[in-house]
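These notes are about the structure you will find just below.
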Amino acid sequence: MESQVTSQSETLIQTPQQLFVVVFLSFFVPLASILLVVKLITGGINISPDALTEKAVSERMKPVGSIQIAGDVDALNPPIPSQETASLKPLKNGETVYQQVCAVCHIAGVAGAPKAGDKSQWEARIAKGKKVLYQNAINGIGIMPAKGGAATLSDDEIKAAVDYLLKQ
């Protein structure tokens, strides 16, 4: 006796047309779904063509508020002195600048700053010339910030402080 096993299960796809439809739908249905989700997410965003103009950017970046202190002076945006006003300001002498700004690091040699009065630390620097010393003091060198962190000082005041420091 022969036993014949017949398959009871039938495939869902029986014709080439059905195969084409299944392949087509398995590719385009997910693609269409993704596109619809993207459209839903970005559909509410309307970007103006003028959004990147200088005026629009500065408007978005302006402070939310300001502080007024007794009068018309805005504490967060103080008036910038004009060139004429700045030139009328008396210059600080080298000793004053050194005491107020430079001494903080140069007395103790903080972060590798050459100590005031230590000739061995200054010899190689002095050998490069005063012009280099002035430029380093004005523009900063290593971790020393420009003008020792006192940006309001003039170049002449910094030069006077360098001269004073070299006399120590």
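Brief remarks follow.
- Each of Cys102, Ala150, Ala113 was placed along the dipole of the range 89-167 (beta-carbon charges, centred on the mean Cα), and the one lying farthest toward the positive end is Ala113.
- Restricting the calculation to Cα atoms, the range 89-167 shows an Rg/Rh of 0.92 when the hydrodynamic-style radius is the Kirkwood one.
- Pairs from the table (Lys92/Lys128; Lys128/Lys159; Lys128/Lys167; Lys119/Lys167) lying more than 19 angstrom apart at Cα are Lys92/Lys128.
- Residue-span extension gain [Val104 to Arg125] - 0.36 nm each, minus C-alpha spacing: 5.6 nm
- Short-range pairs are left out: with C-alpha atoms under 8 Å and at least six residues apart, the relative contact order of the range 89-167 is 43 percent.
Computed from the coordinates by the stated procedures, all read-outs in this text should not be read as laboratory data. Everything numeric in this text was worked out from a predicted model, so none of it was measured. We place every Cβ from the backbone using ideal geometry, glycine too, and count neighbours over all the protein chains shown.
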